[in-house]
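The values are calculated or read from the model by the stated rules, or taken from the named source; none is laboratory data. Predicted model only: the values in this text are computed from it and were never measured. Virtual Cβ from ideal backbone geometry, glycine too; neighbours counted across all protein chains shown.
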Amino acid sequence: MPNGFTGCVLVKLPIVIADVTDSITVDNTLCLDELAKKIDHIDVVVRDLEADPVYGGIIQPRDMENFRQNVIPPSKFPGYMNNFCHSPKATVHAFEKECGPRELRSITVHGTIHKQVYYVNREDDVRHVGEDVPFTKTVKLNPPLPIMNPSNIDIDFKDVNVDVAFNMPRPTRVNQTATVSFILKITEDQQIFIQTCLPDQDLVGQQVLANTGFEAFSGCILDVWQTSNVAPGEPGRNGNGSFSVGLGGPATSDCINPTAETASLVQSIPNEVIRPGLRYEFCFYIQDVVPNGIIENYRVDAKIAFYNEAGQEINSSQVTTFQETEINGTWTRKCVTSNAAPEGAVSGNVSIVFTREPGDTGSFVRIDDATLTIRGA
């Protein structure tokens, strides 16, 4: 990628390895201090909800697909040749003799159901009484989850809901059934490479094409560029052994089909630099070549195009046509500026197309130093 647009950075992120849906039903009976006519309502909330992982034995690295080892150097802790990272959050601790990647077998969930019971007494007064009901449940995982590094595991509760049903078999007794439902989101911190985007203002003024001078080629194959009927290795505009590329000629080149009426150069715009609202300027140097006795009559079309996810062209610049009367044997710089890149554009390209018109008997053009520079909105 040109100009350092690799867009890759190494980050440590919580990767979701499982979502486990479960529920807990808790029955209890509340004894009131006075006689009640009825229960008006019960407010209920879950507090102090926690999850503790329960691990099985170690897993040998050879038994784990794509295992990435994190070995503690033997010289640092003698006697622990194959130690792996351990968990301060679980029952396995650092530097135990049995250490390494583990299977997460189950999760112990515990918390407290806090309730406020509102009732009507014999004097028709509304009273309330609070109670806390602790609960515990073991959520088994089937199959167990292999964990690379238990110290990097976190378990969060999502979509926690609680419902309560009740009845009064006696004026002083309230039977209640509370159901707590939840999703356990299990994540493991991992180091991964991610694609990043430069801010728009940092892109403006950057040149984003590769092999702009057409110096990189092998035989008839021009690096990065998609080509048709072109001849790499033509003399460049800077001399001193530099190169350009011939479109439609010379006819003596093994890369050229002398009977073809068109020749083209196309290069994709790096996806990460296509931003809605920005404009792009495509420039190149061109020189025509008219061998002795040849009649010239051709045109050169230059274009910047954008495409949506379906591969359909959207809001692209109009084709800019240069007639043979605008091009001569002196290297001349030509430029095309795009429309603003549209919303929905996910890809794009630049192209130069040489077309031989009726009456042309063998002229061709050379192209050198083709650049695409990002401009502001």
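Examine region 339-346 for a residue that is over 25 Å from the mean Cα position of the chain (by Cα) and either under 24 Å from S228 (Cβ atoms) or assigned to a loop (DSSP other than H, G, I, E, B) (or both), and state whether such a residue exists. Yes - at least one qualifying residue is present in region 339-346. Return the residue satisfying two criteria in turn: it lies in region 322-352 and is in contact with a Leu (Cβ under 9 Å, 6 or more places away or on another chain) and surrounded by fewer than 19 Cβ atoms within 10 Å (Cβ to Cβ), and of such residues it is farthest from P235 (Cα to Cα). This residue is A340.
Out of (1) of a type outside the set (G, A, S); (2) in contact with an Asp or Glu (Cβ under 8 Å, 6 or more places away or on another chain); (3) within 29 Å of Y55 (Cα to Cα), the odd one out for R105 is which? For R105, the failing item is (2).
Among the residues making up region 241-275, those that are aliphatic (A, V, I, L, M), assigned to a strand (DSSP E or B) and farther than 30 Å from C8 by Cα are V245, L247, A263. The condition (being surrounded by 15 or more Cβ atoms within 10 Å (Cβ to Cβ) and either more than 30 Å from S253 (Cα to Cα) or at pLDDT 90 or above (or both)) is satisfied by just one residue among P143, P150, P134: P150. Selection of region 224-252 for residues being surrounded by fewer than 18 Cβ atoms within 10 Å (Cβ to Cβ) and either touching a residue at least 60 places away in the same chain (Cβ under 8 Å) or among the polar types (S, T, N, Q) (or both) yields Q226, S228, P235, N238, N240, S242, P250, A251, T252. As a summary of the residue check, Q201 satisfies the conditions (1) loosely packed, with under 14 Cβ neighbours inside 10 Å; (2) over 30 Å from E272 (Cα atoms); (3) at pLDDT below 90 except for the one numbered (2). Taken together, the residues in region 305-321 that are buried (at least 16 other Cβ atoms within 10 Å of the Cβ) and assigned to a loop (DSSP other than H, G, I, E, B) amount to 4.
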